[in-house]
1. At q = 0.22 Å⁻¹, what log₁₀ I(q)/I(0) does a Debye calculation on the Cα points of the stretch 339-468 give, no solvent, two decimals?
2. Would you mind computing Rg(Cα) / (2.2 N^0.38 Å) for the stretch 43-179, counting N as its residues?
3. I need the trypsin sites (Lys or Arg not before Pro) found in the stretch 393-456, filtered to DSSP loop residues with at most 14 other beta carbons within 10 Å of theirs.
4. Taking every eigenvalue of the Cα gyration tensor of the stretch 105-151, multiplying by 5 and rooting it, what semi-axes result, largest first, whole Å?
5. Just tell me which lysines come within less than 27 Å, Cα to Cα, of LYS206; anything on the same chain fewer than 8 places away is out.
6. Using unit Cβ charges (K, R positive; D, E negative) and no other charged atoms, how large, in debye to the nearest 20, is the dipole of the chain about its Cα centre?
7. Rank-order 232-238, 134-140, 199-205, 376-382 by packing density, defined as the average count of other C-beta atoms within 10 Å over each peptide's residues, highest first.
8. In square angstrom, rounded to the nearest 10, how much accessible surface does ASP254 have for a 1.4 Å probe?
Amino acid sequence: MPKKTLYILIFLSLFLLRLGFGLALPFWPDDQLQAYLVGLKSFTTGTWPYFGPDLGGSETTHFNQIPGALEGLMVALPLKVWPIPESPLIFLNLITTLSIALFAWYCSKRLPRLPFPFIFILMSVLPWTLHENAGIITRSWCLFGCILFFIGFFESLPGFSLKILKPSQSNALMGFGVLWLAQFHMSWIYLVVFFGLSLFMQGKEKISSAFSAVLFFVLGSLPMAALILPTLIQYHGFPHGNNSGSYTTLFCWDNFKQCFQILARWLSLASFEMPVFLDPPGIPGFDNWGLASGPHWDGWAWPPSFRPGHSTEARIEFLMGSPFMFYPGIFLWIVGLLQAIALLIMGFIKKHELKDWNSVRLLSLFTFIIIWMSFWFTYKWPLSHIPYDGTFPLVFLYSLYCWNNLASFKGWRIFGVVFLSAAILFQTAYAWRIYPVFSIYRDRNKIVHAIQEKNYHLVGERRAYGYY
């Protein structure tokens with residue numbers, strides 16, 4: 001079979017896997033429903049979505065809404081093209097699968113021992129990329145912009161770039177990525193720090209490069225800035241939100257003390273960290289979907305994966321609901337734990353066949369430090385999804401550099417095939433198990449009627465304090 005045909009088949013298979021998984025994920029819990037309602041409101045009323053995701057949480061009484069039309073358009077435009085309830089999910093999984101394929105291709109250029117199909121499949125079936133980016137929730141759209149940003153970031157660094165992109169293109173991609181992410185999640189601030197590092201490195205190489213970098217960064221950000229500008233004009237700036245609470249503090253000692261937990265969570269993002277997702281709503285041992293947003297790792301125990309959410313017993317009970325989940329699930333649980341530990345240990349190994357290994361190690365250390373420091377000044381719990389949305393491509397690249405040396409051994413290559421096969425089987429069985437509970441198909445007709453009658457109220461109401 002020609003390589004091109006094989007790659008197309010792999011892409012279509014992974015797209016359908018991710019789409020099916022996304023359709024099975026919870027749709028009706030409040031955070032998911034509100035993300036859909038922003039776009040459904042825009043589609044049914046024919047109005048411009050001036051604001052996107054809601055900002056609120058149990059740590060504070062403060063509520064605000066992120067300015068910009070991007071979230072609303074990501075739901076409204078697919079509905080305009082194909083007015084069925086699933087169209088936003090189809091479009092979401094199309095662009096995320098494309099972005100994953102792009103990043104897998106880029107990583108395969110950096111790591112000659114790891115073939116493109118292995119990286120593509122691995123990145124597509126990891127728990128975090130499936131649960132966070134396949135279903136309707138605000139954070140689902142972050143990965144697309146984040147990947148574009150980091151490809152631009154890596155290509156902008158003198159001595160680290162593969163010369164796939166010109167400096168002007170690299171800086172423009174970073175500008176686009178920052179303003180994309182800024183309309184979905186506050187983790188865009190991480191990207192600004194990375195651009196600052198890139199600017200410093202480019203200026204150190206050649207001072208005129210820094211001025212050019214800023215120019216092309218701004219030019220690249222203009223398409224996304226155009227979606228924020230109407231909000232600025234309409235509201236004469238950005239509203240300051242409702243209620244008197246705040247996420248910020250001079251210093252949060254509790255978050256400072258969680259250094260090792262934060263490190264474990266960050267490394268686990270690129271591992272098969274499954275336990276945290278074994279508390280789906282409506283399943284034995286889980287009573288309240290809102291609890292899933294709480295702190296998953298309390299205490300100092302390593303590994304953290306045995307501490308989150310509900311008990312290990314409840315998770316095993318969930319796995320035992322199907323032999324297609326239980327056997328691969330236990331295997332993947334153990335492997336995911338060992339992966340995170342291996343990523344930590346391998347970070348101390350200096351010898352590597354690739355000359356840019358030390359650069360990757362330093363970038364990874366830099367990333368962990370800024371993530372840890374970012375929680376020093378906020379009351380928000382240091383949940384894994386916060387650094388995931390803004391830094392996943394970097395920790396994933398770091399993990400690939402760690403696995404690269406193992407790829408020369410036939411036993412490890414066989415293990416890789418077994419691992420990916422188990423992951424695909426498990427994720428498929430997981431989706432089949434949970435889709436009857438809170439998926440879009442629990443009450444799809446309600447959305448159909450809302451689309452036909454151009455009345456989003458038939459599906460639900462926007463939060464009381466929302467600007468749109």
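The values are calculated or read from the model by the stated rules, or taken from the named source; none is laboratory data. Keep in mind it's a predicted model, so treat the numbers as computed, not measured. Reconstructed Cβ throughout: ideal geometry from the backbone, glycine too, with neighbour counts over all protein chains shown. Note: areas computed on protein heavy atoms with side chains; ligands, DNA, RNA excluded. Shrake-Rupley method; radii C 1.70, N 1.55, O 1.52, S 1.80 Å.
1. -1.28
2. Working: Rg = 17.3 Å, N = 137, 2.2 N^0.38 = 14.3 Å.
In units of the globular-protein estimate, the stretch 43-179 measures up at 1.22.
3. Passing sites in the stretch 393-456 are LYS454.
4. Ellipsoid half-lengths, sorted descending, are 23, 13, 6 Å.
5. Within reach: LYS109, LYS163, LYS166, LYS355.
6. Details: 31 positive and 22 negative charges, 303 e Å.
In total the dipole reaches around 1460 debye.
7. Packing proxy ranking, top to bottom: 134-140, 376-382, 199-205, 232-238.
8. 90 Å²
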